Amino acid sequence: DERASPSQVFSASITAPSHIGVEKLVGRWGIASFHTEKDRKRTEGQARASCSQPYVITKGPDDGVMMHVADDAKLYELRLKAGPGGRTFLGFEAPAGDPQDREILSATDAMLVMRFVDPDAHRRYGTFIYVRCR
């Protein structure tokens, strides 16, 4: 019998492909965060300056990326997930937009902008800017 098990079907349905590839996230990043849009440009400069101690995102063992989650010092493998309306999320194997996810607001080779979906985590941490370090 070649049908997928229920767990395989569930896993496939919650990790729908994203238009952003894992390779775009892997690398050494300077990070800073802001709470109001007027602070964004200044925050980009702060993120660049933090490249002296970069945050390193590596490829995970199962095609995700290794990163920290809110309020936890341990690294976890997180997956890219396509959400409604073309939105992209990064998080555990759960439906896109899960409270533990981050939403990727923009992604280029040089910069990522992400925020936590959970309103409390977003209020505490703000919107993150990741600037690729040279």
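Compute the relative contact order of segment 14-61 as a whole-number percentage, counting only Cα pairs closer than 8 Å that sit 6 or more residues apart in sequence.
Details: 44 pairs, mean separation 22.7, N = 48.
Result for segment 14-61 is 47 percent.
Please work out the ratio of the alpha-carbon Rg of segment 8-134 to 2.2 N^0.38 Å and round it to two decimals.
So the Cα radius of gyration is 1.01 times the expected 2.2 N^0.38 Å.
Note down the relative contact order for the chain as a percent, whole number, built from C-alpha pairs under 8 angstrom at least six residues apart. Kindly include the intermediate steps, with their values, before the conclusion.
On the way: 269 pairs, mean separation 35.0, N = 134.
Result for the chain is 26 percent.
Give me the extension gain from His68 to Glu37: residue separation times 0.36 nm, minus the current Cα-Cα distance, reported in nm with one decimal. It would help to have the intermediate numbers written out before the result.
Details: separation 31, 0.36 × 31 = 11.16 nm, distance 2.44 nm.
Gain on extension, His68 to Glu37, equals 8.7 nm.
Protein chains only, probe 1.4 Å: how do Glu37, Glu44 rank by accessible area, largest first?
Descending order: Glu37, Glu44.
Which translational diffusion coefficient, to the nearest whole µm²/s, is obtained for segment 76-134 from the Stokes-Einstein equation, given a Kirkwood hydrodynamic radius over C-alpha pairs, 37 °C and 0.692 mPa s? It would help to have the intermediate numbers written out before the result.
Details: Rh = 11.8 Å.
Approximately 278 µm²/s, per Stokes-Einstein.
Quick one: dipole size for the chain, taken about the Cα centre, charges +1 on Lys/Arg Cβ and -1 on Asp/Glu Cβ, in debye to the nearest 20. Could you put the intermediate results ahead of the total?
Values: 19 positive and 18 negative charges, 165 e Å.
Dipole magnitude for the chain comes out near 800 debye.
Which of the lysines could a cross-linker span from Lys59 if the Cα-Cα distance has to be under 27 Å and same-chain partners fewer than 8 positions apart are dropped?
Lys24, Lys74, Lys81
Whole-Hz Karplus ³J(HN,Hα) for segment 93-104, in order, using 6.51 cos²θ - 1.76 cosθ + 1.60 and θ = phi - 60°, x for Gly and Pro?
Result, rounded to whole Hz: 6, 7, x, 4, x, 4, x, 7, 6, 10, 9, 8.
For a Förster distance of 41 Å, can you work out the FRET efficiency between the beta-carbons of Ala82 and Val56, rounded to the nearest 0.05?
On the way: r = 25 Å, r/R0 = 0.62.
Efficiency at R0 = 41 Å is approximately 0.95.
Select from Phe34, Met66, Ser52 the residue farthest towards the positive end of the dipole of segment 27-76; place +1 on Cβ of Lys and Arg, -1 on Cβ of Asp and Glu, and compute about the Cα centre.
Ser52
The values are calculated or read from the model by the stated rules, or taken from the named source; none is laboratory data. These numbers were taken from a predicted model, which means no experiment stands behind them. Methodologically, a virtual Cβ is constructed for each residue, glycine included, from the backbone with ideal geometry; neighbour enumeration extends over all protein chains shown. Only protein heavy atoms, including side chains, enter the accessible area calculation; ligands, DNA and RNA are left aside. Shrake-Rupley method; radii C 1.70, N 1.55, O 1.52, S 1.80 Å.
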